[in-house]
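The structure under discussion appears below in the form of C-alpha coordinates.
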Amino acid sequence: MDLKAFLKEKGECINQALDRFLPAEDIIPHNLHQAMRYSVMAGGKRLRPVLMMAACEAAGGEAERVVPVACAMEMIHTYSLIHDDLPAMDDDDFRRGRPTCHKVFGEAMAVLAGDALLTEAFVLLSSPETARRLPHGTLRRIIHIIARKAGSFGMVGGQAVDIEAEGKAIDSPTLDYIHTHKTGALILASVQAGALAGGADEAVFAHLTRYGEAAGLAFQIADDILDVVGDEKLLGKKVGVDEARGKATYPALFGLMEAKRRAVELRDLALAALEPLPAAAEPLRQIACYIVDRTT
Ligand code: GRG
(Lines give C-alpha, C1' and ligand atoms only; values in the text may rest on other atoms or scores of the structure.)
Protein backbone atom coordinates (compact mmCIF):
# COMPACT_ATOMS: atom_id res chain seq x y z
CA MET A 1 0.00 0.00 0.00
CA ASP A 2 1.25 3.47 -0.91
CA LEU A 3 0.59 5.76 2.06
CA LYS A 4 1.36 8.94 0.12
CA ALA A 5 -1.28 8.06 -2.48
CA PHE A 6 -3.75 7.09 0.29
CA LEU A 7 -3.24 10.43 2.11
CA LYS A 8 -3.59 12.32 -1.18
CA GLU A 9 -6.78 10.54 -2.28
CA LYS A 10 -8.52 10.81 1.10
CA GLY A 11 -7.26 14.38 1.61
CA GLU A 12 -8.70 15.47 -1.74
CA CYS A 13 -12.02 13.83 -0.93
CA ILE A 14 -12.13 15.77 2.36
CA ASN A 15 -11.12 19.06 0.71
CA GLN A 16 -13.92 18.75 -1.84
CA ALA A 17 -16.46 17.92 0.83
CA LEU A 18 -15.28 20.78 3.07
CA ASP A 19 -15.69 23.17 0.16
CA ARG A 20 -19.28 21.96 -0.18
CA PHE A 21 -20.11 22.05 3.54
CA LEU A 22 -18.54 25.41 4.47
CA PRO A 23 -20.70 28.54 4.01
CA ALA A 24 -19.85 30.35 0.74
CA GLU A 25 -17.94 33.63 0.98
CA ASP A 26 -20.68 35.53 -0.84
CA ILE A 27 -23.21 34.71 1.89
CA ILE A 28 -23.60 37.39 4.61
CA PRO A 29 -21.65 37.90 6.87
CA HIS A 30 -18.96 37.91 4.15
CA ASN A 31 -15.96 38.59 6.40
CA LEU A 32 -16.87 35.85 8.82
CA HIS A 33 -17.35 33.27 6.08
CA GLN A 34 -14.14 34.38 4.39
CA ALA A 35 -12.23 33.99 7.67
CA MET A 36 -13.66 30.50 8.23
CA ARG A 37 -12.74 29.41 4.71
CA TYR A 38 -9.34 31.12 4.86
CA SER A 39 -8.25 28.94 7.78
CA VAL A 40 -9.92 25.66 6.83
CA MET A 41 -8.92 25.74 3.16
CA ALA A 42 -5.33 26.81 3.95
CA GLY A 43 -4.18 23.21 3.66
CA GLY A 44 -3.14 21.13 6.61
CA LYS A 45 -2.48 17.43 6.62
CA ARG A 46 -6.15 16.46 7.20
CA LEU A 47 -4.77 13.82 9.56
CA ARG A 48 -7.89 13.52 11.72
CA PRO A 49 -10.31 13.04 8.77
CA VAL A 50 -7.92 10.58 7.13
CA LEU A 51 -7.58 8.63 10.38
CA MET A 52 -11.37 8.54 10.68
CA MET A 53 -11.76 7.19 7.15
CA ALA A 54 -8.96 4.65 7.68
CA ALA A 55 -10.51 3.46 10.97
CA CYS A 56 -13.88 3.09 9.23
CA GLU A 57 -12.29 0.86 6.58
CA ALA A 58 -10.33 -1.09 9.20
CA ALA A 59 -13.63 -1.87 10.94
CA GLY A 60 -15.12 -3.13 7.67
CA GLY A 61 -17.07 -0.07 6.49
CA GLU A 62 -16.90 2.17 3.44
CA ALA A 63 -14.98 5.37 4.17
CA GLU A 64 -17.50 7.41 2.15
CA ARG A 65 -20.14 7.11 4.88
CA VAL A 66 -18.00 8.97 7.42
CA VAL A 67 -17.02 11.95 5.20
CA PRO A 68 -19.41 14.54 6.76
CA VAL A 69 -18.30 13.50 10.27
CA ALA A 70 -14.66 13.76 9.16
CA CYS A 71 -15.30 17.27 7.80
CA ALA A 72 -16.93 18.28 11.10
CA MET A 73 -13.82 17.02 12.91
CA GLU A 74 -11.56 19.12 10.65
CA MET A 75 -13.73 22.17 11.35
CA ILE A 76 -13.36 21.62 15.11
CA HIS A 77 -9.60 21.12 14.72
CA THR A 78 -9.28 24.32 12.66
CA TYR A 79 -11.29 26.31 15.21
CA SER A 80 -8.83 25.16 17.88
CA LEU A 81 -5.86 26.28 15.77
CA ILE A 82 -7.42 29.73 15.12
CA HIS A 83 -8.05 30.27 18.82
CA ASP A 84 -4.70 28.81 19.86
CA ASP A 85 -2.92 31.31 17.58
CA LEU A 86 -4.63 34.36 19.15
CA PRO A 87 -2.52 36.83 21.16
CA ALA A 88 -4.35 35.74 24.33
CA MET A 89 -3.06 32.20 23.80
CA ASP A 90 0.06 31.29 21.78
CA ASP A 91 0.20 34.54 19.79
CA ASP A 92 1.42 32.99 16.53
CA ASP A 93 1.80 34.84 13.23
CA PHE A 94 1.96 31.85 10.87
CA ARG A 95 -0.11 28.72 10.49
CA ARG A 96 -0.37 26.28 7.60
CA GLY A 97 2.19 28.35 5.71
CA ARG A 98 0.26 31.63 5.76
CA PRO A 99 -0.48 34.49 8.19
CA THR A 100 -2.78 33.42 11.01
CA CYS A 101 -6.50 34.21 10.88
CA HIS A 102 -6.31 37.12 13.34
CA LYS A 103 -3.40 38.69 11.40
CA VAL A 104 -5.59 38.87 8.30
CA PHE A 105 -9.11 39.39 9.68
CA GLY A 106 -8.43 40.92 13.12
CA GLU A 107 -8.78 39.36 16.56
CA ALA A 108 -12.52 39.78 16.95
CA MET A 109 -13.28 38.14 13.61
CA ALA A 110 -10.82 35.31 14.34
CA VAL A 111 -12.60 34.59 17.64
CA LEU A 112 -15.91 34.53 15.80
CA ALA A 113 -14.57 32.38 12.94
CA GLY A 114 -13.44 29.81 15.50
CA ASP A 115 -16.77 29.98 17.34
CA ALA A 116 -18.70 29.58 14.08
CA LEU A 117 -16.57 26.64 12.90
CA LEU A 118 -17.19 24.81 16.16
CA THR A 119 -20.91 25.47 15.96
CA GLU A 120 -21.20 24.64 12.25
CA ALA A 121 -19.40 21.36 12.93
CA PHE A 122 -22.33 20.32 15.11
CA VAL A 123 -24.83 21.60 12.54
CA LEU A 124 -23.13 19.25 10.06
CA LEU A 125 -23.02 16.35 12.53
CA SER A 126 -26.76 16.67 13.18
CA SER A 127 -27.69 17.36 9.53
CA PRO A 128 -29.97 15.16 7.40
CA GLU A 129 -27.05 14.43 5.04
CA THR A 130 -24.99 12.91 7.87
CA ALA A 131 -28.04 11.06 9.24
CA ARG A 132 -28.67 9.44 5.83
CA ARG A 133 -25.24 7.79 5.92
CA LEU A 134 -25.21 6.34 9.44
CA PRO A 135 -27.61 4.40 11.66
CA HIS A 136 -29.29 6.66 14.22
CA GLY A 137 -27.76 5.01 17.31
CA THR A 138 -24.28 5.02 15.80
CA LEU A 139 -24.48 8.71 14.90
CA ARG A 140 -25.74 9.62 18.37
CA ARG A 141 -22.78 7.81 19.95
CA ILE A 142 -20.32 9.47 17.53
CA ILE A 143 -21.67 12.95 18.30
CA HIS A 144 -21.40 12.28 22.02
CA ILE A 145 -17.77 11.11 21.70
CA ILE A 146 -16.77 14.10 19.56
CA ALA A 147 -18.49 16.63 21.85
CA ARG A 148 -16.88 15.10 24.94
CA LYS A 149 -13.41 14.95 23.43
CA ALA A 150 -13.62 18.54 22.16
CA GLY A 151 -14.80 20.06 25.46
CA SER A 152 -13.50 20.56 28.98
CA PHE A 153 -12.95 16.82 29.46
CA GLY A 154 -10.91 16.75 26.25
CA MET A 155 -9.13 19.31 24.07
CA VAL A 156 -10.29 22.48 25.83
CA GLY A 157 -9.39 20.93 29.20
CA GLY A 158 -5.90 20.09 27.93
CA GLN A 159 -5.45 23.59 26.58
CA ALA A 160 -6.50 25.09 29.94
CA VAL A 161 -3.93 23.02 31.86
CA ASP A 162 -1.29 23.78 29.20
CA ILE A 163 -1.82 27.52 29.59
CA GLU A 164 -1.71 27.32 33.39
CA ALA A 165 1.52 25.29 33.19
CA GLU A 166 3.39 27.87 31.07
CA GLY A 167 6.69 28.88 32.68
CA LYS A 168 6.18 26.46 35.58
CA ALA A 169 7.98 23.20 36.42
CA ILE A 170 5.45 20.40 35.90
CA ASP A 171 5.57 16.67 36.55
CA SER A 172 5.22 13.81 34.10
CA PRO A 173 1.52 12.99 34.86
CA THR A 174 0.57 16.65 34.22
CA LEU A 175 2.48 16.64 30.94
CA ASP A 176 0.70 13.45 29.88
CA TYR A 177 -2.63 15.00 30.86
CA ILE A 178 -1.91 18.04 28.68
CA HIS A 179 -0.79 15.98 25.69
CA THR A 180 -3.51 13.34 25.82
CA HIS A 181 -6.20 16.00 26.19
CA LYS A 182 -4.99 18.98 24.15
CA THR A 183 -4.02 16.93 21.11
CA GLY A 184 -4.71 13.26 21.76
CA ALA A 185 -8.43 13.71 22.43
CA LEU A 186 -9.42 14.72 18.89
CA ILE A 187 -7.16 12.07 17.36
CA LEU A 188 -8.71 9.39 19.57
CA ALA A 189 -12.22 10.69 18.82
CA SER A 190 -11.44 10.53 15.08
CA VAL A 191 -10.39 6.88 15.31
CA GLN A 192 -13.34 5.97 17.53
CA ALA A 193 -15.85 7.74 15.27
CA GLY A 194 -14.42 5.92 12.25
CA ALA A 195 -14.55 2.60 14.08
CA LEU A 196 -18.22 3.06 15.00
CA ALA A 197 -19.16 4.26 11.51
CA GLY A 198 -17.45 1.17 10.10
CA GLY A 199 -19.61 -1.07 12.28
CA ALA A 200 -16.93 -2.13 14.80
CA ASP A 201 -18.08 -4.54 17.50
CA GLU A 202 -16.97 -3.86 21.08
CA ALA A 203 -13.73 -5.88 20.69
CA VAL A 204 -12.65 -4.06 17.52
CA PHE A 205 -13.70 -0.74 19.09
CA ALA A 206 -11.44 -1.52 22.08
CA HIS A 207 -8.47 -2.37 19.81
CA LEU A 208 -8.94 0.82 17.81
CA THR A 209 -9.31 2.83 21.02
CA ARG A 210 -5.90 1.56 22.19
CA TYR A 211 -4.51 2.49 18.78
CA GLY A 212 -6.03 6.00 18.94
CA GLU A 213 -4.73 6.65 22.45
CA ALA A 214 -1.17 5.64 21.56
CA ALA A 215 -1.20 7.41 18.17
CA GLY A 216 -2.61 10.61 19.72
CA LEU A 217 0.10 10.87 22.36
CA ALA A 218 2.81 9.88 19.85
CA PHE A 219 1.58 12.66 17.53
CA GLN A 220 1.99 15.33 20.22
CA ILE A 221 5.43 14.07 21.28
CA ALA A 222 6.48 14.16 17.61
CA ASP A 223 5.11 17.71 17.47
CA ASP A 224 7.24 18.64 20.53
CA ILE A 225 10.29 17.13 18.82
CA LEU A 226 9.59 18.98 15.56
CA ASP A 227 9.47 22.25 17.49
CA VAL A 228 13.11 21.56 18.44
CA VAL A 229 14.52 19.98 15.27
CA GLY A 230 11.89 20.76 12.58
CA ASP A 231 12.13 22.91 9.46
CA GLU A 232 10.03 26.11 9.56
CA LYS A 233 9.46 26.07 5.79
CA LEU A 234 8.20 22.49 5.77
CA LEU A 235 6.08 23.00 8.89
CA GLY A 236 4.56 26.32 7.75
CA LYS A 237 4.98 27.81 11.24
CA LYS A 238 7.74 29.04 13.51
CA VAL A 239 9.86 26.53 15.45
CA GLY A 240 11.57 26.95 18.84
CA VAL A 241 8.50 28.65 20.27
CA ASP A 242 7.81 26.03 22.95
CA GLU A 243 11.15 26.64 24.68
CA ALA A 244 10.85 30.41 24.29
CA ARG A 245 7.45 30.34 26.01
CA GLY A 246 8.43 27.88 28.73
CA LYS A 247 5.93 25.33 27.35
CA ALA A 248 5.50 21.91 28.90
CA THR A 249 6.98 19.48 26.36
CA TYR A 250 8.58 16.03 26.30
CA PRO A 251 12.02 17.29 25.19
CA ALA A 252 11.91 19.98 27.91
CA LEU A 253 11.05 17.49 30.66
CA PHE A 254 12.96 14.39 29.51
CA GLY A 255 15.42 15.49 26.80
CA LEU A 256 15.30 14.88 23.05
CA MET A 257 16.57 11.29 23.08
CA GLU A 258 14.03 10.13 25.65
CA ALA A 259 11.25 11.97 23.81
CA LYS A 260 12.17 10.11 20.60
CA ARG A 261 12.32 6.79 22.45
CA ARG A 262 8.87 7.37 23.96
CA ALA A 263 7.39 8.30 20.56
CA VAL A 264 8.73 5.04 19.05
CA GLU A 265 7.43 3.05 22.04
CA LEU A 266 3.96 4.54 21.52
CA ARG A 267 4.10 3.78 17.79
CA ASP A 268 4.82 0.16 18.67
CA LEU A 269 1.90 0.11 21.12
CA ALA A 270 -0.34 1.46 18.35
CA LEU A 271 0.90 -1.22 15.96
CA ALA A 272 0.38 -3.95 18.57
CA ALA A 273 -3.21 -2.80 19.07
CA LEU A 274 -3.85 -3.40 15.35
CA GLU A 275 -2.51 -6.96 15.34
CA PRO A 276 -5.93 -8.67 15.73
CA LEU A 277 -7.36 -6.57 12.87
CA PRO A 278 -7.55 -7.64 9.21
CA ALA A 279 -5.50 -6.38 6.25
CA ALA A 280 -7.88 -3.42 5.89
CA ALA A 281 -6.06 -1.90 8.88
CA GLU A 282 -2.86 -1.47 6.81
CA PRO A 283 -3.38 2.31 6.28
CA LEU A 284 -3.70 2.75 10.06
CA ARG A 285 -0.43 0.82 10.50
CA GLN A 286 1.38 3.07 8.08
CA ILE A 287 -0.15 6.22 9.58
CA ALA A 288 1.20 5.24 13.02
CA CYS A 289 4.71 5.08 11.51
CA TYR A 290 4.19 8.33 9.60
CA ILE A 291 3.07 10.14 12.78
CA VAL A 292 6.43 9.42 14.42
CA ASP A 293 8.65 9.91 11.33
CA ARG A 294 6.89 12.96 9.84
CA THR A 295 8.67 16.21 8.99
CA THR A 296 5.49 18.32 8.60
C1 GRG B 1 -7.81 26.79 21.65
C2 GRG B 1 -9.57 25.23 22.56
C3 GRG B 1 -8.24 25.43 22.02
C4 GRG B 1 -7.47 24.38 21.87
C5 GRG B 1 -6.16 24.43 21.24
C6 GRG B 1 -4.99 22.16 19.03
C7 GRG B 1 -4.63 23.01 20.15
C8 GRG B 1 -5.57 23.09 21.28
C9 GRG B 1 -3.54 23.74 20.15
C10 GRG B 1 -2.65 23.79 19.02
C11 GRG B 1 -1.30 23.94 19.51
C12 GRG B 1 -0.48 22.97 18.85
C13 GRG B 1 0.28 23.47 17.68
C14 GRG B 1 -0.44 21.74 19.32
C15 GRG B 1 0.38 20.74 18.70
C16 GRG B 1 -0.38 19.61 18.09
C17 GRG B 1 -1.24 20.10 17.04
C18 GRG B 1 -2.68 20.09 17.34
C19 GRG B 1 -0.72 20.49 15.92
C20 GRG B 1 -1.50 20.94 14.78
O21 GRG B 1 -2.11 19.84 14.18
P22 GRG B 1 -1.64 19.33 12.76
O23 GRG B 1 -0.14 19.16 12.75
O24 GRG B 1 -2.00 20.60 11.87
O25 GRG B 1 -2.45 18.15 12.37
P26 GRG B 1 -2.52 20.68 10.38
O27 GRG B 1 -2.32 22.12 10.00
O28 GRG B 1 -1.71 19.74 9.53
O29 GRG B 1 -3.98 20.30 10.41
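The values are calculated or read from the model by the stated rules, or taken from the named source; none is laboratory data. Just so we're clear, the structure is a prediction, and the values are computed from it rather than from any experiment. Here Cβ is always computed from backbone atoms with ideal geometry, including for glycine, and neighbour counts include all displayed protein chains.
Can you spot a residue in segment 143-151 that is crowded, with 23+ Cβ neighbours inside 10 Å, among the β-branched types (Val, Ile, Thr), within 16 Å of the ligand (Cβ to nearest atom) and on the phi < 0 side of the Ramachandran plot? Taking every residue of segment 143-151 in turn, at least one turns out to be crowded, with 23+ Cβ neighbours inside 10 Å, among the β-branched types (Val, Ile, Thr), within 16 Å of the ligand (Cβ to nearest atom) and on the phi < 0 side of the Ramachandran plot.
Within segment 76-86, is there a residue that is hydrophobic (A, V, I, L, M, F, W, C), modelled with pLDDT under 95, farther than 30 Å from Leu208 by Cα and outside any helix (DSSP H, G or I)? No, the conditions are met nowhere in segment 76-86. Only a single criterion out of (1) within 22 Å of Gly43 (Cβ to Cβ); (2) in a helix (DSSP H, G or I) is not satisfied by Asp268, namely (1). Taking every residue in segment 30-48 that is charged (D, E, K, R) and more than 7 Å from the ligand (Cβ to nearest atom) and pairing it with any residue that is outside any helix (DSSP H, G or I) and modelled with pLDDT of 95 or more, at least 6 positions away or on another chain, the pairs with Cβ-Cβ distances below 9 Å are Arg37/Leu22; Arg37/Pro23; Arg37/Ala24; Arg37/Glu25. For segment 86-93, does any single residue satisfy the condition of being under 16 Å from Asn15 (Cβ atoms) and either touching a Lys or Arg at 6+ places or on another chain (Cβ under 7 Å) or away from the ligand (no atom under 15 Å from the Cβ) (or both)? Scanning segment 86-93 turns up no residue that is under 16 Å from Asn15 (Cβ atoms) and either touching a Lys or Arg at 6+ places or on another chain (Cβ under 7 Å) or away from the ligand (no atom under 15 Å from the Cβ) (or both). Flag not set for Arg133, criterion: under 20 Å from the mean Cα position of the chain (by Cα), farther than 19 Å from Pro29 by Cβ and in contact (Cβ under 8 Å) with a residue 40 or more places away in the chain. Every test in (1) aliphatic (A, V, I, L, M); (2) buried (at least 23 other Cβ atoms within 10 Å of the Cβ); (3) within 23 Å of Glu62 (Cα to Cα) is passed by Ile221 save one, and that test is (3). Report, by residue number, each residue of segment 263-296 that is of a type in the set (D, E, K, R) and within 16 Å of the ligand (Cβ to nearest atom). Residues satisfying the conditions are Asp293, Arg294. Looking at Gly44, Gly11, Gly61, just one residue is more than 13 Å from the chain's Cα centre (by Cα) and either assigned to a loop (DSSP other than H, G, I, E, B) or modelled with pLDDT under 95 (or both), and that residue is Gly61. Hey, can you tell me all the residues within segment 260-281 that are closer than 29 Å to Asp231 by Cβ and not small (Gly, Ala, Ser)? Hits for segment 260-281 are Lys260, Arg261, Arg262, Val264, Glu265, Leu266, Arg267, Asp268, Leu269, Leu271.
One residue stands out among those in segment 173-201 that are more than 9 Å from the ligand (Cβ to nearest atom) and β-branched (Val, Ile, Thr): the one that is surrounded by the most Cβ atoms within 10 Å (Cβ to Cβ), which is Val191. Identify the residue in segment 157-170 that is surrounded by 15 or more Cβ atoms within 10 Å (Cβ to Cβ) and touching a residue at least 60 places away in the same chain (Cβ under 8 Å) and, among all such residues, is nearest to the ligand (Cβ to nearest atom). Restricting to residues being surrounded by 15 or more Cβ atoms within 10 Å (Cβ to Cβ) and touching a residue at least 60 places away in the same chain (Cβ under 8 Å), the top hit is Gln159. Evaluated against (1) more than 17 Å from the chain's Cα centre (by Cα); (2) more than 12 Å from the ligand (Cβ to nearest atom); (3) surrounded by 21 or more Cβ atoms within 10 Å (Cβ to Cβ), Val67 falls short on exactly one condition, (1).
Restricted to helices (runs of 4 or more DSSP H) entirely inside segment 187-253, those with at least 1 residues that are closer than 15 Å to Ile145 by Cβ and without any contact (Cβ under 8 Å) to a residue 24 or more places away in the chain are 202-229.
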